[in-house]
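The values are calculated or read from the model by the stated rules, or taken from the named source; none is laboratory data. Only a predicted model underlies this, so the values are computations on that prediction, with no experimental measurement involved. All Cβ positions, even for glycine, are placed from backbone atoms using ideal geometry, and neighbour counts span all protein chains on display. Surface accessibility is based on the protein's heavy atoms, side chains included, excluding ligands, DNA and RNA. Shrake-Rupley method; radii C 1.70, N 1.55, O 1.52, S 1.80 Å.
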Protein chains: 4
Amino acid sequence: MASEPHQDWRFKLHEIIYESNTPAGKAFDVGLLIAIFTSIIVVMLDSVVSIHQKYGDLFKTLELIYSVLFTIEYILRLISIRKPVKYVFSLLGIIDLIALIPSYLSIFFIGAQSLLVFRALRLLRVFRIFKLGHFLTEINFLTQALKGSVRKISIFLLTVLTITVILGSIMYLVEKRENGFSNIPESIYWAIVTITTVGYGDISPVTPIGKFVASVVMLIGYAIIAVPTGIITHDIALASRQKKELPESCPSCSREGHDTDALFCKYCGSSLYR
Amino acid sequence: MASEPHQDWRFKLHEIIYESNTPAGKAFDVGLLIAIFTSIIVVMLDSVVSIHQKYGDLFKTLELIYSVLFTIEYILRLISIRKPVKYVFSLLGIIDLIALIPSYLSIFFIGAQSLLVFRALRLLRVFRIFKLGHFLTEINFLTQALKGSVRKISIFLLTVLTITVILGSIMYLVEKRENGFSNIPESIYWAIVTITTVGYGDISPVTPIGKFVASVVMLIGYAIIAVPTGIITHDIALASRQKKELPESCPSCSREGHDTDALFCKYCGSSLYR
Amino acid sequence: MASEPHQDWRFKLHEIIYESNTPAGKAFDVGLLIAIFTSIIVVMLDSVVSIHQKYGDLFKTLELIYSVLFTIEYILRLISIRKPVKYVFSLLGIIDLIALIPSYLSIFFIGAQSLLVFRALRLLRVFRIFKLGHFLTEINFLTQALKGSVRKISIFLLTVLTITVILGSIMYLVEKRENGFSNIPESIYWAIVTITTVGYGDISPVTPIGKFVASVVMLIGYAIIAVPTGIITHDIALASRQKKELPESCPSCSREGHDTDALFCKYCGSSLYR
Amino acid sequence: MASEPHQDWRFKLHEIIYESNTPAGKAFDVGLLIAIFTSIIVVMLDSVVSIHQKYGDLFKTLELIYSVLFTIEYILRLISIRKPVKYVFSLLGIIDLIALIPSYLSIFFIGAQSLLVFRALRLLRVFRIFKLGHFLTEINFLTQALKGSVRKISIFLLTVLTITVILGSIMYLVEKRENGFSNIPESIYWAIVTITTVGYGDISPVTPIGKFVASVVMLIGYAIIAVPTGIITHDIALASRQKKELPESCPSCSREGHDTDALFCKYCGSSLYR
């Protein structure tokens, strides 16, 4: 009985931190969003030599403040949730933790300075806020559609990789070391740059035969880029159909596949909505 | 009774300026189109140093004439429309106004010379003419389809941006300042150039590890470019289905969603076509 | 009665030249294909300085032979067809003629030498042969699907062009002449190179603001490339459905929209196939 | 009767080598996968000059071991299969053999050293392992979908090639030899680099007219890249529908094309599921 006000306090905190239905919850989300974005901007600006020389100390102080703020937030998250262990090992919990670590490492190790870059991982936390917003349905829809594509896309990427390894090896033979294709990994890098139509131009074929092979690579890349698109388009269409069909098995004969607006089961005639 | 001929005159003017059913209306549209395109060409040519030195004065005179013409047109639009205030604050009205401002600014301020570039915004006015042509249905169809995609596309772009920030930061660590990745914003710029498969080659990885990370970025970009395509294709298909289903609510129970070939309402059994 | 053997000879010639059901017709097609491809290769090789110096005279002779051959073929086509005038002004007839002209021009005018390049247009004649082969159905299907997209694609291209003109003008302001954006047409060229994700790198942004604008252009290009894909995918699906649905209006009540395998009209119950 | 234990031994070997249901079969597959990947890595590293100088001899020994291993594997495959001749001339058999040849050639001929690069073809053997895994359904689905697209894609590629030949010839005229467009094949190479949106930038237009033509080429490439995507998306959708419709011919009148949820044949009225 004595712990009830405490529980109440924890419940309120949970509502503020994890949900966004209340004004306080919304304010917290907006504040977190601002903190994340400004902290990322600090990381970015700090990497520019001329700005670092001028405002380096300010950035250090700001970073310290951000670290303290995010640490407090992390602790509050741990306190206010029912199953803190489950949170720590959830995807979002791991991201929250990883985004915290580099700041602390840089305090204890001087060599870990470069790890500060991983503070950019904080940006991933933005998705936490969107997960709670109106975008949830769309995100769910997209992830469901893409899940169905993962296997097909990975077969596709394996095929592309095999093609690049073989074509890269051929180009290494054709173009020789003098023309920038100095070894097979380099040639494979070129093949990937070409087949994905990025085309930096840091390495490009010089001999006529090399240019011919390169043209073939490009046309292959041009034609097969259509494959993942076709796969994903198809799976988005499938996911969209399934979304509609979810509450559809007949409650009396449990057969599926009714129209989304049907009122009665078309197999046994009993009402679909009792 | 006395104002009727005036009203008649205003009605005729409206027909000429805003519609294109009459020969005069069509002639006005064609004239406006020519004025817009030639004025844009003047802006373009005037920016070329050698041409500016030769014909700079001619261009100035032409620009003055265009400014006067577009101002007259704008005033006529205001006069001939019933609710001028509504027009001024409509999307097309704002574009019309913005396209006028730079010319006048350059008269009063000498420093505003560079704003002349914004005369290029006049090109947007071309869509006004198409809005009145046969393209209306297609434009409506496309905008309706894309409206449905906006939310999904923005989630996609946010994901891409997060990926580029994180990969850019990693590349900054991997490639170091000497190789062109001089700071994190620069590295993010590189990541965007790479993931969108633009690939200028002004910054490109030099170290083997950098090339490996770059290859991963490219393959990711290659695979995920399919996502917005899938989304938009799906939403175009949806929009096309909805277009067909428009006149479909039952006249007696007003429920929607009937098959395109249904004759009777499937909810209440009354005829859909009375 | 006397003209019958002549007619017969003309009919046989027509069969050989215009059709490919007979062995002679097939042999003619294969021969024409070889003549077209080898003549294109001659044009190509002749443009290479080192090869031209060695075999220039041989190429000249070969070109003369090709010209004579294609002229004879053109005359035979005129003779063997029933309505020669209609052929001359048909798409294929015009291509046949255009492919002939440059050779003759170069005989009469010395300055017309450079027009020889237009002999490459002969390649278009390859489609004549495919039109007669098994590919006809596929070509018909594709052209029908693309016809439906033309209007939407042109709206899309107009939008892209407007975006490039406006963004090109902005970049001209942002990057200034020193950085390669020497005038607005040049900047528009850069915007097109960027938004289409070609990315030569001959002009690329140098200032931080320029790089930021460029990143926005790239992400726009990345997102909107999906639009034409969506349009064409949709129209291919439509064309495929229409192909199946062609013979579908009920012969008794003339209403459309029956399933492709329906035997009886679903509106009036009479047989669809009498 | 005496040969039975032998047959049994052959059967077991077949199960290990060709199938992956047993633990031994799975171990064999994993071992083969590791051997293929590590042998490819050896090929790659051996092509890097600095690494070759250090570990060249080690790589030679490793390569010898791989050659022996793959030869033994090939012989075991021949022994354990029922119809060895059929295997030798099957697609997978030919790949297995081609992957073996270069190692042996380099022993007998010194000049054949460069053929070692073709050991990269071993990577193709990776698909053998996937063919036996869970990916089989997906691969079948994809190849079926792509088979339907082959003809349409080849028409598309022929059209693209014709466009590049003609545009390349025009650019050769427009840009002249000084600007990198030194002959027509080179110009066609440029057109392919541009239309596929690869855009190396090794050759890029210099004159204003050249830049204009290039812009047109890019916009064409931008618009028509949608075509293969549309084709493949459509054929994937078709393949997916056919997959579902497979067990659908009526058992009494054997006509096909019933709705996926139909219970009775719509042609003869008898039950589809007896």
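Before moving on, here are some points about what is shown:
- The accessible-area loss of segment C:218-241 on complex formation, taken against its chain alone with a 1.4 Å probe, reaches 50 Å² or more at C:Met218, C:Leu219, C:Tyr222, C:Ala223, C:Ile225, C:Ala226, C:Val227, C:Thr229, C:Thr233, C:His234, C:Ile236.
- Entries of A:Lys176/C:Lys54; D:Lys12/D:Lys147; B:Lys211/D:Lys152; B:Lys86/C:Lys211; A:Lys211/B:Lys176 with Cα pairs more than 30 Å apart: D:Lys12/D:Lys147; B:Lys211/D:Lys152; B:Lys86/C:Lys211; A:Lys211/B:Lys176
- Sulfur and carbon atoms: percent of accessible area, segment C:140-244 [1.4 Å]: 67
- Label-point gap, in nm, between C:Leu91 and A:Arg241 - each point 7 angstrom along Cα→Cβ: 3.4
- The shape of segment C:6-83 can be summarised by an equivalent ellipsoid whose semi-axes, obtained from the alpha carbon gyration tensor, come to 32, 13, 8 Å from longest to shortest.
- For segment B:62-92, applying the loop criterion from DSSP together with a ceiling of 12 other beta carbons within 10 Å to the chymotrypsin sites (Phe, Trp or Tyr not before Pro) yields B:Phe89.
- Solvent-accessible area of C:Trp9, all protein chains in place: 130 Å² (probe radius 1.4 Å, heavy atoms, ligands and nucleic acids excluded).
- Solvent-free Debye calculation, one equal scatterer per alpha-carbon of segment B:155-200: log10 I(q)/I(0) at 0.16, 0.29, 0.31 Å⁻¹ equals -0.37, -1.00, -1.08.
- Neighbours of B:Leu64 by Cβ distance under 14 Å: Lys/Arg scored +1, Asp/Glu scored -1, total -1.
- Accessible surface buried upon C-B contact (total; probe 1.4 Å; Å², nearest 100): 4300
- Pseudo-label separations to other copies for D:Lys54 - Cα-to-Cβ vector, 7 Å, nm: 4.4, 4.4, 6.3
- Cα shape, segment B:9-138, gyration tensor, a/c 1.5 rule: prolate
- FRET efficiency for D:Leu158 and C:Ile51, using Cβ-Cβ distance with R0 set to 22 Å, rounded to 0.05: 0.30
- FRET efficiency for the pair D:Leu33 and C:Tyr18, taken as 1/(1 + (r/R0)^6) with r the Cβ-Cβ distance and R0 = 60 Å, rounds to 0.60.
- Summing Lys and Arg as +1 and Asp and Glu as -1 over all other residues whose Cβ lies under 10 Å from the Cβ of C:Ser204 gives a net charge of -2.
- Cβ-Cβ FRET estimate between C:Val206 and B:Lys176, R0 fixed at 30 Å, reported to 0.05: 0.90
- Solvent exposure of segment D:140-244 amounts to 33 Å² per residue of accessible area, where only protein heavy atoms count and the probe is 1.4 Å.
- Distance between modelled label sites at D:Leu105 and A:Val150, nm, 7 Å Cα→Cβ extension: 4.1
- Net charge of Cβ neighbours under 14 Å - reference D:Ser149; Lys, Arg +1; Asp, Glu -1: +1
- Here segment B:9-138 has 75 percent of its accessible surface on carbon and sulfur atoms, given a 1.4 Å probe and all protein chains in place.
- A compact globular protein would have a Cα radius of gyration near 2.2 N^0.38 Å; the ratio found for segment A:140-244 is 1.33.
- D:Leu58 versus C:Leu64: modelled label distance in nm, points set 7 Å from Cα along the beta carbon direction: 6.8
- For segment A:164-180, heavy-atom accessible area (probe 1.4 Å) falls by no less than 30 Å² from the chain alone to the full protein assembly at A:Val165, A:Ile166, A:Ser169, A:Leu173, A:Arg177.
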